[in-house]
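Structure record follows, encoded as structure tokens.
Where a number appears in this text, it was derived from the coordinates with a stated rule and is not lab data. Remember, predicted model here, so these are calculated numbers, not experimental data. Using ideal geometry, Cβ is built from the backbone for each residue, glycine included, and neighbour counts are taken over all protein chains shown.
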Amino acid sequence: MAARKLKNPVTEDHANLFRVLVRKWQEKLNLMDWRVERSTKKTRAMADVMIDASARLACYRLGDFGSAPINEDTLEELAIHELLHVMLTDFKVICQSNASTEEQLCSAEHSVINRLEKLLFQLR
């Protein structure tokens with residue numbers, strides 16, 4: 001089976017800029033306890049992230065931007081989007097656990113709120 005040709009794939013320069021933007025937002029969102037790495041596999045989406053919560057590992061993939069422009073703004077918006085998935089991982093895991101207590105849920109919720117609070121306060 002032949003590989004599907006991408007309509008608007010990212011270049012290596014785009015991928016390098018995305019890596020820098022991912023690191024920028026990893027720091028801003030205080031996700032430094034996560035390893036965030038690029039996967040060489042492609043995706044049909046503009047990007048996606050595969051998360052291994054127990055290993056604190058997030059691997060992002062870049063793909064096809066279709067008719068969307070590939071520029072610093074779109075790449076930064078996408079980096080933020082994928083890292084928000086990482087930021088919400090602990091909350092999601094606790095919410096899905098049948099053994100979760102109210103205290104665990106509140107703690108996970110406050111983890112998200114505290115990160116956003118610091119970031120949004122800086123932007124005021």
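Go through segment 24-47 residue by residue and tally those that are of a type outside the set (S, T, N, Q), surrounded by fewer than 18 Cβ atoms within 10 Å (Cβ to Cβ) and in a strand (DSSP E or B).
Of the residues in segment 24-47, the ones of a type outside the set (S, T, N, Q) are 24-25, 27-29, 31-38, 41-42, 44-47.
Now narrow it down to the ones that are surrounded by fewer than 18 Cβ atoms within 10 Å (Cβ to Cβ): 24, 27-28, 32-33, 35, 37-38, 41-42, 44-45.
Among the residues that remain, those that are also in a strand (DSSP E or B) are: 35, 37-38.
Selection size over segment 24-47: 3.
Just checking, does segment 48-60 include any residue being within 21 Å of K7 (Cβ to Cβ) and buried (at least 16 other Cβ atoms within 10 Å of the Cβ)? Scanning segment 48-60, I find at least one residue that is within 21 Å of K7 (Cβ to Cβ) and buried (at least 16 other Cβ atoms within 10 Å of the Cβ), so the answer is yes.
Could you tell me which residue of segment 92-124 is farthest from Q26 (Cα to Cα), considering only residues that are hydroxyl-bearing (S, T, Y) and in a helix (DSSP H, G or I)?
Quick first cut of segment 92-124, residues hydroxyl-bearing (S, T, Y) only: 97, 100-101, 107, 111.
Then keep just the ones that are in a helix (DSSP H, G or I); that gives 107, 111.
Details: S107: 20, S111: 15 Å.
It comes out as S107.
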